[in-house]
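Beneath this line is the structure, given in structure tokens, with notes to follow.
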Amino acid sequence: MLSFAGRLAMTFMMIFSAVGHFVFTDGMAMMMPDFIPYREGVVYFSGVLEIGFALGLLINRLNLVASWTLIVFFILVLPANIYASIHHIDLQTATDSGYGIEYLWFRVPLQVVFITWVYIFGIFLPKKESKLG
């Protein structure tokens, strides 16, 4: 039951994050380097993926795959956050007036928390709970 509560919390966070892909599309597109084509499409697609990952966390037979995929996803989007910080991207205003490098002091540890959270509640605890039950 504890693992489900943790996955539910991450599901809400992921849906909240996914909404940002549709509300702040221009700013999120600016977070990607120019060499990436169809950046707005990538933003929309990744928002849909986040919703899918979130729902997958709640379905027992999909949880393990969703958890590992989400961990990889968190690792893959970290460079976009680094790029955005270096270039002072403010995703909400779609300008280059963001916090800059200081933002990484918050974002990188937060990314580690997300990865750890998904591992504990999506992989470690369900395995442990299945052995008990």
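Quick note: the coordinates plus some simple rules give every number you see, no bench work behind them. Every value quoted in this text rests on a predicted model; they were computed, and no experiment measured them. Cβ coordinates were reconstructed from backbone atoms using ideal geometry, including for glycine residues, and neighbour counts include every protein chain displayed.
Out of the chymotrypsin sites (Phe, Trp or Tyr not before Pro) in the range 1-56, which ones are loop residues according to DSSP with at most 14 other C-beta atoms within 10 Å?
Loop-located and lightly packed - Phe35, Tyr38.
Would you pull out the residues with amide H under 5 Å of Thr95's amide H, same chain only if 5 or more places away, H placed 1.01 Å from N?
Correct list: Asp90.
Give, as a single signed number, the net charge of other residues whose beta carbon lies under 15 Å from the beta carbon of Asp34, with Lys and Arg counted +1 and Asp and Glu -1.
Net charge around Asp34: -2.
Cα convex hull of the range 2-132: how many Å³ per residue?
91
Pairs of Cα atoms under 8 Å, at least six residues apart: use those to get the relative contact order of the range 2-132, whole percent.
32 percent.
Could I have the simple spin-label model distance between Tyr83 and Tyr99, label points 7 Å from Cα toward Cβ, reported in nm to one decimal?
That separation, rounded to one decimal, is 2.0 nm.
Would you mind ranking Tyr103, Tyr83 by Cβ crowding within 10 Å, fewest neighbours first?
Tyr83, Tyr103
Expected output is a single nm value to one decimal: the length gained when fully extending between Arg107 and Ser17, i.e. 0.36 nm times separation in residues minus the C-alpha distance. What is it?
31.0 nm
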